[in-house]
Each structure stands twice: as structure tokens, then as C-alpha cells.
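Undergrad: Structure below; questions to follow.
The values are calculated or read from the model by the stated rules, or taken from the named source; none is laboratory data. Computed from a predicted model, the values in this text were never measured in an experiment. When we count neighbours, we look across all protein chains shown, and the Cβ atoms used for this are built from the backbone with ideal geometry, even at glycine. Keep in mind that these areas ignore ligands, DNA and RNA; they rest on the heavy atoms of the full protein, side chains included. Shrake-Rupley method; radii C 1.70, N 1.55, O 1.52, S 1.80 Å.
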Amino acid sequence: MAVKRVGIVDSGIMGSGIAEVAAKAGIEVVLRSRAQSTADAMLAGLEKSLAKQVERAKLDASERDAVLARVRAVTDLGELADCDLVLESIVEDLAAKKHLFTELDRICADHAILATNTSTLPVIELAMETGRPDRVCGVHFFNPAPMMALVEIVRTITSSDETVADATAFAQACGKNAVAVKDQAGFIVNALLFPYLNNAAKLFDAGVATRDDIDAAMKGGCNFPMGPLELLDLVGLDTSLSILEALYGEFKDPNYAPAPILRRMVSAERLGRKSRVGFYDYRK
Ligand SMILES: NC(=O)c1ccc[n+]([C@@H]2O[C@H](COP(=O)([O-])OP(=O)(O)OC[C@H]3O[C@@H](n4cnc5c(N)ncnc54)[C@H](O)[C@@H]3O)[C@@H](O)[C@H]2O)c1
């Protein structure tokens, strides 16, 4: 099955980015936000991003119009009824995602794949909320979705070969490199990345080096494009904390036990770029 229309829930950092990627790939997008104001903000953000690409001669004006015409911003979940694949990208919270999967199973066409963009949560638990556990898998994009080449396709014990093949073809149609991974917390990338990010937060908290020196060390010493504290700000500290909690819950490995400073910063609503302050201050 080729995915001609994709539904995306909700329009946060990842949902908005994935909507842009899919629309640019010629796929119709129905993007659901919970509030009209958020839906409007998402469309404004997409227009701004495309305008920049036109300015830089990466896109022509007629392509921009065609991309915008392919995106429909809605607030009613019922509008996802005729999508071939629905990818949820809501808050990294198992209870919220389970509730959403129950709703999506009721609303969506029988042939539709119900997919999750979760970074760490058990996809099988979402599959078992539905009457179609064979049509559920993970389709894990990376941040920022328009720039990052990778998508992890997560196969649960119940995902069918056809579902995995269809989801892989969708990721490839979006211009991404798809890798296959089984349903285990953190999949490939976050299982390897998060002990590193977590230990960077611990080093910072222990005063071993300054924020700028930790980031400069990993850029200059390992040739990484971003330092770990910059990257935590990009991912979002709330999302990072949830990812570490899920990894720690699954493996009980102390490297995954969240650095206390992450929890304190989330409590203080210093979530990184999305709240305009995290390890860095983006308000200036
Ligand atoms: N941030 C990253 O770097 C990154 C990368 C890959 C995958 N992910 C995953 O993508 C998902 C979304 O992350 P994000 O970074 O876009 O987060 P975000 O905080 O930017 O967006 C979350 C969205 O979910 C909505 N939301 C919150 N509670 C909800 C509920 N109960 N029902 C419906 N919508 C609800 C919010 O309004 C918001 O639009 C998570 O599962 C996360 O693990 C994040």
C-alpha cells in the first residue's frame, strides 16, 4: 500500500516538521492540533519555513504553493478517518498515547497503519490498545525532521511484514533513510545517545566544566556538530527526561537514571528552545 494521505497528531516540534517533510514529498497531510490557535500557528510556521527556502532559491514559488495546498490543519480527530497512515507525535507520555490509540482505532479506516513517533515508549502497548495490532509500528523521525536523514522503523512482536514494508516505503517516499529495529526502549539512536547526553548534564551539574566548555569539548574533540547541552535544549528537556525515565525503567542501567538537574529544570519550566530557556537563554 502506498501512503497517499498521512494524518499527523499533534503539531509540536516533531509533528510540524514531519508535516513539512511529507507535504514536500507530494503526500497529502492532515495535521491535527488540539486548538485552532495552534493549528493556525503551525500553518504560519510552515509558510515561514517555505518562504525562507524560496528566498534561498531551494524551492520555487509554485512548489511552495503546491506544498501549502497539500496540508490541511484540523482540530477534529475525526478528520483523520480517510488517512492511509496516522503518525502520532504527541507528548512522550504512555497514558496519553494509549488513550489516543484507542480513539484512532475507532476513527481510522481498517486499512490504515497507526504509527507512533515515540522515542522510547513500548510500541506494543499502543498496538494492544487497538483491534489491529498487526497494523501498528513505530515510525521514528529525528529532530529537526526536515533536515535529519534517518527514520527508525520499529517492529513490534505483532507488526505484520506488510505494515513494516508500507511504513518503510512511506519513510523512503519522504526522502529518508529507513533502518529497522525491534521494539526495545530507545531503539538504536536514543539507546546509544542518551547515556552520553545524561552524563554531560551530570558533568555540568558537578561543576567539572562550564556549559560552554562541555559543548566546545565535544564539538572540537569529537567533531560533533552540536555540544550535548545544546542538543538537550534542541530535543527539549521534558522530552529528554521522559526518554531517560523510559530507558531506566526498561534496563535499570544507572547510565539512564536521569541527572537530577534535568528534573529540576523541567520543574522550573526551563525546557530548552521550546520555552526559550534551558541550558542556554534564547530570549535575547
Ligand atoms: N524533540 C525531539 O527531539 C524528538 C525527536 C524524535 C521523536 N520525538 C518524539 O515526538 C513526540 C513529540 O515530541 P515533540 O518534541 O514534538 O514535543 P512537543 O512538546 O513539541 O509537542 C508535543 C505536542 O503534543 C501535544 N499534546 C500534549 N499532550 C497531549 C495529549 N494528551 N493529547 C494530544 N496532544 C497532546 C502538545 O500540545 C504538543 O503539540 C514524542 O513522542 C517524542 O518522544 C521527539
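Undergrad: Would you please put 28-40, 231-243 in order of how densely packed they are, using the mean number of other Cβ atoms within 10 angstrom per residue and starting with the highest? Write down the numbers at each step before the final one.
TA: On the way: 28-40: 17.8, 231-243: 23.5.
Per-residue Cβ counts within 10 Å, averaged per peptide and sorted highest first, yield 231-243, 28-40.
Undergrad: While we're looking at this one, here's another question. Quick one: if you stick a label point 7 Å off each Cα along the C-beta vector at Lys284 and Ala35, how many nm between them?
TA: 3.0
Undergrad: Pick out which of Cys108, Cys222, Cys83 has the largest mean-square fluctuation in a Gaussian network model of the chain, springs linking Cα atoms closer than 10 Å.
TA: Comparing Cys108, Cys222, Cys83 in a Gaussian network model of the chain, the most mobile one is Cys222.
Undergrad: Taking amide hydrogens as modeled 1.01 Å from N in the peptide plane, which residues meet the under 5 Å criterion relative to Lys4, leaving out close sequence neighbours?
TA: Asp84
Undergrad: While we're here: Å³ per residue of the Cα convex hull, for the chain?
TA: Convex hull volume per residue, Cα atoms: 134 Å³.
Undergrad: Taking 30 Å as R0, compute the FRET efficiency from the Cβ-Cβ separation of Phe224 and Ala268 and round it to 0.05. Walk me through the numbers on the way to the answer.
TA: Numbers: r = 27 Å, r/R0 = 0.90.
The computed FRET efficiency comes out at 0.65.
Undergrad: Which order do peptides 167-180, 251-264 fall in by mean Cβ count within 10 Å, highest first?
TA: 167-180, 251-264
Undergrad: Continuing with this model, one more query. For the pair Asp253 and Ala2, what calculated FRET efficiency results from E = 1/(1 + (r/R0)^6), where r is the Cβ-Cβ distance and R0 = 30 Å, to the nearest 0.05?
TA: Details: r = 40 Å, r/R0 = 1.34.
So, using R0 = 30 Å, E works out to roughly 0.15.
Undergrad: Give me the net charge of Glu63's neighbourhood, meaning all other residues with Cβ under 14 Å from the Cβ of Glu63; Lys, Arg count +1, Asp, Glu -1. It would help to have the intermediate numbers written out before the result.
TA: Values: positive: Lys24, Lys52, Arg56, Lys58, Arg64, Arg70; negative: Glu20, Glu47, Glu55, Asp60, Asp65.
Around Glu63, the surrounding residues sum to +1.
Undergrad: So in the chain, what percent of DSSP beta bridges are antiparallel if you round to the nearest 5? Walk me through the numbers before you get to the answer.
TA: Values: 6 of 32 bridges.
Of those bridges, close to 20 percent are antiparallel.
Undergrad: Would you mind telling me the share, in percent, of accessible area of the chain contributed by carbon and sulfur at probe 1.4 angstrom? Don't jump to the answer; show the numbers that get you there.
TA: On the way: 6930 of 13010 Å².
For the chain, the apolar C and S fraction of the accessible surface comes to 53 percent.
Undergrad: While we're on this one: Between the helical axis of 161-173 and the dominant principal axis of the chain, each derived from Cα atoms, what acute angle in degrees is found, rounded to the nearest 10?
TA: 80
Undergrad: Oh, and also: Figure the gain on full extension for Met147 and Glu125 (residue separation times 0.36 nm, minus the Cα-Cα span) and round it to one decimal in nm.
TA: 4.9 nm
Undergrad: Looking at the range 130-284 only, what percent of DSSP beta bridges run antiparallel? Nearest 5 please.
TA: Details: 6 of 12 bridges.
Expressed as a percentage, antiparallel bridges in the range 130-284 total about 50.
Undergrad: Based on the Cα coordinates of the range 77-117, what is the per residue volume of their convex hull in Å³?
TA: Once divided by residue count, the hull of the range 77-117 is 58 Å³.
Undergrad: Take the Cα radius of gyration of the range 119-206 and divide it by 2.2 N^0.38 Å, with N its residue count; two decimals is plenty. Mind showing how you got there, number by number?
TA: Working: Rg = 14.8 Å, N = 88, 2.2 N^0.38 = 12.1 Å.
Its radius of gyration relative to the 2.2 N^0.38 Å reference: 1.23.
Undergrad: Taking only Cα atoms, what is the 0 to 90° angle, nearest 10, from helix 211-222's long axis to the longest principal axis of the chain?
TA: Approximately 70 degrees, to the nearest 10.
Undergrad: Under a point spin-label approximation (7 Å from Cα along Cα-to-Cβ), what is the Ala206-Arg276 distance to one decimal in nm?
TA: For Ala206 paired with Arg276, the spin-label model returns 3.5 nm.
Undergrad: Hey, another quick one. Can you give the accessible area per residue of the chain, in Å², using a 1.4 Å probe?
TA: 46
Undergrad: Report the net charge of residues surrounding Glu250, where surrounding means a beta-carbon distance below 15 angstrom and charges are Lys +1, Arg +1, Asp -1, Glu -1.
TA: -3
Undergrad: Please tell me which of these pairs span more than 25 angstrom C-alpha to C-alpha: Lys52/Lys219; Lys219/Lys252; Lys48/Lys219; Lys98/Lys182; Lys58/Lys182?
TA: In this structure, Lys52/Lys219; Lys219/Lys252; Lys48/Lys219; Lys58/Lys182 exceed 25 Å between Cα atoms.
Undergrad: Through the Karplus equation 6.51 cos²θ - 1.76 cosθ + 1.60, θ set to phi - 60°, convert the phi angles of the range 62-69 into ³J(HN,Hα) values in whole Hz; use x for Gly and Pro.
TA: 6, 5, 4, 5, 5, 5, 4, 5
Undergrad: Tell me the label-point distance for the pair Ala180, Ala96, using the 7 Å Cα-to-Cβ offset, in nm and rounded to one decimal.
TA: Spacing of the two 7 Å Cα→Cβ label points: 3.2 nm.
Undergrad: Picking from Met148, Gly15, Cys83, whose Cα lies most toward the positive end of the charge dipole for the chain (charges on Cβ: Lys, Arg +1; Asp, Glu -1)?
TA: The residue sitting farthest along the positive end of the dipole is Met148.
Undergrad: Give the Kirkwood hydrodynamic radius (Å, one decimal) of the range 104-159, defined as one over the mean of 1/r across all pairs of different Cα atoms. Before the final figure, lay out the partial values.
TA: Numbers: mean 1/r = 0.0845 Å⁻¹.
By the Kirkwood definition, the hydrodynamic radius is 11.8 Å.
Undergrad: Also, quick follow-up: At 0.36 nm per residue, and after removing the present C-alpha to C-alpha distance, how many nm does the segment from Ile157 to Asp110 gain when stretched out fully?
TA: 14.9 nm
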